[in-house]
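Colleague: One structure, pasted below without further comment.
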Amino acid sequence: MLAGISIERTGSKDTGICDCCGRTSRTVWGLASNETQGLAAYYVHWTLGHISDQGANIDLIVGNWGKGTTAADRCAVALAYRLLDTGPAMMVIDAGPRSFSRSPLIGKVFARDEVVGTPFAQQIFSIADAVLAQDDRIAELLG
Ligand SMILES: [Zn+2]
């Protein structure tokens, strides 16, 4: 059902300087869709040169964005990304502490325990996999 997810790049911003090394933190964002509808807006945040030790955050606003939709149609889900010796790894984390989840565009904020082990989690990972595979702005995450 989620085959054929495509992404569209919509923005990016350099957001700060790392205290320890002066490197830049960056957020890039975009939209993930399948053949028939938008699935999620995504935001990937990381510090350049710090993927191996700090990983990245992948924040998703999942749901419908079309005309007539409201915040009740959208929810916040957060993933932590790590680059391990065995390759990329992602896990669901509580979205509440992530600043994006306080957007008035969002009706529901998911905690980790509400997502892990559910079919919804598989949908989330499919979206994140598509973002990692297709958004070349975040190629650094893949090592
Ligand atoms: Zn640093």
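A short reminder: the numbers here are calculations on the coordinates, not readings from a lab. What you see is a predicted model, and the numbers here were worked out from it, not measured in a lab. We place every Cβ from the backbone using ideal geometry, glycine too, and count neighbours over all the protein chains shown.
Colleague: Can you name every residue in segment 27-51 that is more than 13 Å from the chain's Cα centre (by Cα) and either in contact (Cβ under 8 Å) with a residue 12 or more places away in the chain or part of a strand (DSSP E or B) (or both)?
Modeller: 33, 34, 35, 37, 38, 47, 48, 49, 50, 51
Colleague: Among the residues of segment 18-42, write down those that are within 16 Å of the ligand (Cβ to nearest atom) and within 16 Å of residue 59 (Cα to Cα).
Modeller: 25, 26
Colleague: For segment 19-39, state whether one or more residues are in contact with a helix residue (DSSP H, G or I) (Cβ under 8 Å, 6 or more places away or on another chain), within 27 Å of residue 122 (Cα to Cα) and basic (Lys, Arg). Break it down into steps so the answer makes sense when it comes.
Modeller: Residues of segment 19-39 in contact with a helix residue (DSSP H, G or I) (Cβ under 8 Å, 6 or more places away or on another chain): 28, 30, 32, 39.
Narrowing further to those that are within 27 Å of residue 122 (Cα to Cα): 28, 30, 32, 39.
Those still in the list that are basic (Lys, Arg) too: none.
Checked segment 19-39: no residue is in contact with a helix residue (DSSP H, G or I) (Cβ under 8 Å, 6 or more places away or on another chain), within 27 Å of residue 122 (Cα to Cα) and basic (Lys, Arg).
Colleague: Regarding residue 52, is this residue among the hydroxyl-bearing types (Ser, Thr, Tyr) and more than 17 Å from residue 139 (Cα to Cα)? Show your work before the answer.
Modeller: On the way: among the hydroxyl-bearing types (Ser, Thr, Tyr): yes; more than 17 Å from residue 139 (Cα to Cα): no.
Considered against the rule, which asks whether it is among the hydroxyl-bearing types (Ser, Thr, Tyr) and more than 17 Å from residue 139 (Cα to Cα), residue 52 comes out as no.
Colleague: For the condition in contact with a Ser or Thr (Cβ under 8 Å, 6 or more places away or on another chain), polar (S, T, N, Q) and touching a residue at least 40 places away in the same chain (Cβ under 8 Å), what is the one hit in 134, 123, 54? First the steps, then the outcome.
Modeller: Values: 123 fails: in contact with a Ser or Thr (Cβ under 8 Å, 6 or more places away or on another chain); 54 fails: touching a residue at least 40 places away in the same chain (Cβ under 8 Å).
Matching residue, one of 134, 123, 54: 134.
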